[in-house]
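The values are calculated or read from the model by the stated rules, or taken from the named source; none is laboratory data. Everything numeric in this text was worked out from a predicted model, so none of it was measured. Glycine also receives a Cβ, built like all others from the backbone with ideal geometry; neighbour counts cover every protein chain displayed. Areas reflect the complete protein model, heavy atoms only, side chains present, ligands, DNA and RNA absent. Shrake-Rupley method; radii C 1.70, N 1.55, O 1.52, S 1.80 Å.
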Amino acid sequence: MVKVSVVMPVDEVNNLIEKSIESVKNQSLKDIELLCISTNSGYNSHKLLDDLSKKYNFIKIVSGVENGSSAARNLAISSSSGEYIAFLNPGDIFIDKGALNKLYKKAKKFDADMVSANLKTMDSNGKLTDDPRYKAKDLAYFSTEDILRPENYGLPWAYYKNIYKKDMLIKNDLKFPDLVIGEGPVFIADVLTTISEIYIMPIDYYGLFKDNEEYINKFKNFNFKHDYMEHFKIIVKFFRDHEFKDNSMKFRKLLLKDLKYAIENNDTDLYKGFKDAFYNNIYLLGFFQKEAIYFNTYFLIRMIRECETVEDFYNYKDELIEMDLISKPYIPKDLLFELIFIFSSKNFEYYKLHLDEFLESLNNQEDLYCEDELIFYNK
C-alpha cells in the first residue's frame, strides 16, 4: 500500500530534477510513489521522464496534461494511490531523510487532514539557510510538536512544506486554480479555510531551491500580472469569508506594496490586472479602499495622458465619472488638479494642446502629495 504520493510537475528538461528524485529515494519511508507529470509536449521532457522511470522504480509517469502546472498537480492528485499527498518541485529536495516517515506517522496517529513542518532555502551549491519569511513573521516556525489553528499558519505560502490527506482534498474538491502564478498560495489558502487544525512538527523537511536570479519574475507579461492580481482577490475573499482577520490584513498590505510598485514603474498592465480582479470587488479591500481608488484614479489619468484617440479619451473620462470621485474627500492634490484640468478641457484637441503646459505648471508646484493620507506612502 502506498502511504505517501509525491507530486512533481516537470515543465522542462532540468538538470536539477535528479537531485530532487534522489532526495525521495533517500527517504526512510519506502511505501512512496513519485508522480511525475510533464506539463509540455516537448519530446525531451517526455524522454527524460521515461529514462528516469526506468532508473527509479518508484516513479509513476502521469500523462494527459500538455501545459500548466496546476492542471498537472490536480491530475496527479486524482491519479495517486497514496493516503497522503506531498509536493516536490524540480530542484527542491526533502532535507531530513526521515521526514516523510515522521509526518506520515503523525498523520496516521491523529487522522490528520494536514501535517506541517519547516523549510529551508537552498542555494545553487546546496547550502541551506533559514527561509526569510520566518524572520518576517510571515510564516510560523515550528520548534515543538503541537496542534495549530489554521489562521495561525501564517500567510498562505509554502504549500509544499506540508502533507495532506488525499480523501480530504477529494471530498472538499480542493484543487490548484488555473493561474500561471499564485496557484500555490490559492491552494493552501483554500485548505486553511477548510480544515479545523494542523498538526505541526519541528522538522527541517523541505529545501526550497533559490537561484541567484529570481526563478519567476512575477511581472514578466500581462498574463502573469493578471493572474497575480486574481490570486490576491481569491485569497482575500477566502480570508474575509472565513474571518481570518490578521491574515486578510497582512495579505491586503502586500497587495498595496505591489500597487505602489505599479505606480512607481508606470505599469499599466498591472493596473489592468488589478482592474479586472477588483473592479467589482472593491469591498474586499476593506480599510484600503481609498488606496485602491487612488490607484485607479492615478492610472486612468496616466492613460488619458497617453491616449491617441478621441474615443479613448472619452471612455477613460467616463470611467472617472463612474468612480464618483467628487464624493471622495481623500484624493491627493496632485490628482485633484489634474482631474480639474481633464474635466475643464473643452474637448480632446484642447486637452492635448495644453497638456504639456499643464504638466510643466504641475511640476513647478510644491507639496502636492498628502503622503500621510495614504498607506502607499507611509515610510
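Listed values, structure above:
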| quantity | calculated |
| --- | --- |
| Residues of region 22-40 satisfying the condition of being crowded, with 23+ Cβ neighbours inside 10 Å and modelled with pLDDT under 95 | CYS36, ILE37, SER38 |
| Hey, ASP138 of a type outside the set (Lys, Arg), on the phi < 0 side of the Ramachandran plot and in contact with a strand residue (DSSP E or B) (Cβ under 6 Å, 6 or more places away or on another chain) or not | yes |
| Residues that are touching a residue at least 24 places away in the same chain (Cβ under 8 Å) and over 19 Å from ASP356 (Cα atoms), drawn from region 288-313 | PHE288, LYS290, GLU291, ALA292, ILE293, TYR294, PHE295, ASN296, THR297 |
| Test for GLU357: is it of a type outside the set (A, V, I, L, M, F, W, C) and in a loop (DSSP other than H, G, I, E, B) | no |
| Selection within region 327-340 - part of a helix (DSSP H, G or I) and open to solvent by 50 Å² or more (accessible area, probe 1.4 Å) | SER327, LYS333, LEU336, PHE337, ILE340 |
| Positions within region 75-103 being open to solvent by 30 Å² or more (accessible area, probe 1.4 Å) and small (Gly, Ala, Ser), in sequence order | SER78, SER79, SER81 |
| TYR369 being open to solvent by 20 Å² or more (accessible area, probe 1.4 Å) and at pLDDT below 75 | yes |
| Region 51-74 - residue that is more than 19 Å from GLU18 (Cα to Cα) and not in a helix (DSSP H, G or I) and, of those, least open to solvent (accessible area, probe 1.4 Å) | VAL65 |
| Single unsatisfied condition, PHE343 versus (1) in contact (Cβ under 8 Å) with a residue 12 or more places away in the chain; (2) outside any helix (DSSP H, G or I); (3) open to solvent by 60 Å² or more (accessible area, probe 1.4 Å) | (2) |
| All positions within region 138-149 that are under 19 Å from PHE232 (Cα atoms) and free of Cβ contacts under 8 Å to residues at least 60 places away in the same chain | LEU139 |
